[in-house]
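As structure tokens, the structure follows; a few thoughts come after it.
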Amino acid sequence: MKIAEIRTGEVRGHGWTCFVRITTDTGVTGTGECIHGGAGIQQIIGALGSLIIGEDPMNVDRLYEKMRRARVFDGALAGNFVTALTGIEIALWDLAGRATGLPVYALLGGKFRDSVRLYADCHAGGDDSPAANAAKAREVADMGFDALKFDLDDLQSPAKKDAFNHTVSRRELDAMVEKVAAVREALGPQIDLAMDLHGRYDASSGARIAQSLEPYDLMWLEEPVPPENVDAMREVKNATRTPICAGENLFLRWGFRDLLEKQAVDIIMPDLPKCCGLSEGKKIAAMAEVYYIPMAPHNVCGPLGTVASAHCCAAVPNFLVLEWHWLERPHWHDLVLADPPLIQNGAITLTDRPGLGVELNMEAAERYLKPGTRLFA
Ligand code: MG
């Protein structure tokens, strides 16, 4: 079996999400997804994919490393090169599963769990008041999710006087505490709750925020400081009882090396269809396991990227919870042919169907296609 073609299509989602389809000379195909690859993602996937035409698709790790090393001088250490690689890699895993009749988790070494727990990323909408966020939290918990995340930073807030300055103001801090208090009160003590700061604060501000939120027993506070400075992240982590989580803007094993060696976080959150892919994600999880650090992957993908992430989450011991970010985008469910629905009671239960175990709904993908582009053409 040899790789014959690699084609792409971008569909509306969290921004634009990119589907990748690989076909072989035997007719077996595999479909993957990646996200946050930027405007040129289809061109990069096309260029990387041309390096593996004619290759045996079963050598997934070798093909990934062949493409990566071929483009290191172009910047394939991080960013959209790696994101493009993940889309191809996930399509290769789907293809390998379909060719062998095995689910992807089995090819990754087997599963530790049948059900992959999700947390829902929540937004109250236009009204960002504590009461509106509390109502949203209750609504989402009633849908069956027992873990939720809200955004805590707000560049539009009148309390935020300067969008570029990294220091939290007194008024801003008070607004954050009010929001978290309202959401925690609405949820009660049994629901896990995370808050995201999107890397917008300096270390002392991050520590103040984390300390102020200690009474609300967060599952984690996410990216209190920007991702580049691991020592600043470690300062925040060591200053608070609130668990600190980071990693959605780090790439490959090497991106996580300092973060883990310095034990600068309590939890890592690689975005598998953006930062690494499934095989590399498993290796990052293994590095984290050395420090007893759990993995809670970031995920803003459509259904294929989410299910692909779930296969990796099933195959590592130190999985905590996986993000689901399309609460306000109901067409997530339309993009895949799945019966029963993929998400039930706040979790994805993996089946023993081959590959990722789900089929892209081509008709729905066409409906949400990026204007002026074609799907797998
Ligand atoms: Mg985040």
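Every number in this text was worked out from the coordinates using simple rules, so none of it is lab data. Being a predicted model, the structure only gives us computed values, none of them experimental. Because the Cβ atoms are built from the backbone with ideal geometry, glycine has one as well, and the counts that use them run over all protein chains shown.
General remarks:
- Full extension of the chain between Asp231 and Ser157 gives 23.8 nm of extra length, using 0.36 nm per residue less the Cα-Cα distance.
- log10 of Debye I(q)/I(0), alpha-carbon scatterers only, for the range 60-200 at 0.11, 0.14, 0.18 Å⁻¹: -0.70, -0.88, -0.97
- Cβ-derived FRET efficiency at R0 45 Å, Arg69 paired with Asp339, nearest 0.05: 0.60
- Dipole in debye (nearest 20) - the range 298-360, about Cα centre, beta carbon charges: Lys, Arg +1; Asp, Glu -1: 120
- Among the trypsin sites (Lys or Arg not before Pro) within the range 247-299, those in coil by DSSP and having at most 16 neighbouring Cβ atoms inside 10 Å are Lys262.
- Lys/Arg +1, Asp/Glu -1 at C-beta; the range 200-287 dipole; positive extreme among Pro215, Pro273, Pro243: Pro273
- For the range 246-274 versus the range 323-350, the gap between their alpha-carbon centres in whole angstrom: 26
- For the chain, the fraction of alpha-carbon pairs in successive 20 Å shells from zero, as %: 30, 58, 12, 0
- Antiparallel %, DSSP beta bridges [both residues in the chain], to 5: 55
- Length released on extending from Arg170 to Arg113, taking residue separation times 0.36 nm less the Cα-Cα span: 16.1 nm
- Cβ-based exposure ranking for Trp93, Trp332, in which fewest neighbours within 10 Å come first: Trp332, Trp93
- Residue by residue, the range 257-265 carries 3J(HN,Hα) couplings of 4, 5, 4, 7, 4, 8, 6, 7, 9 Hz when phi is fed to the Karplus relation 6.51 cos²θ - 1.76 cosθ + 1.60 (θ = phi - 60°); x denotes Gly or Pro.
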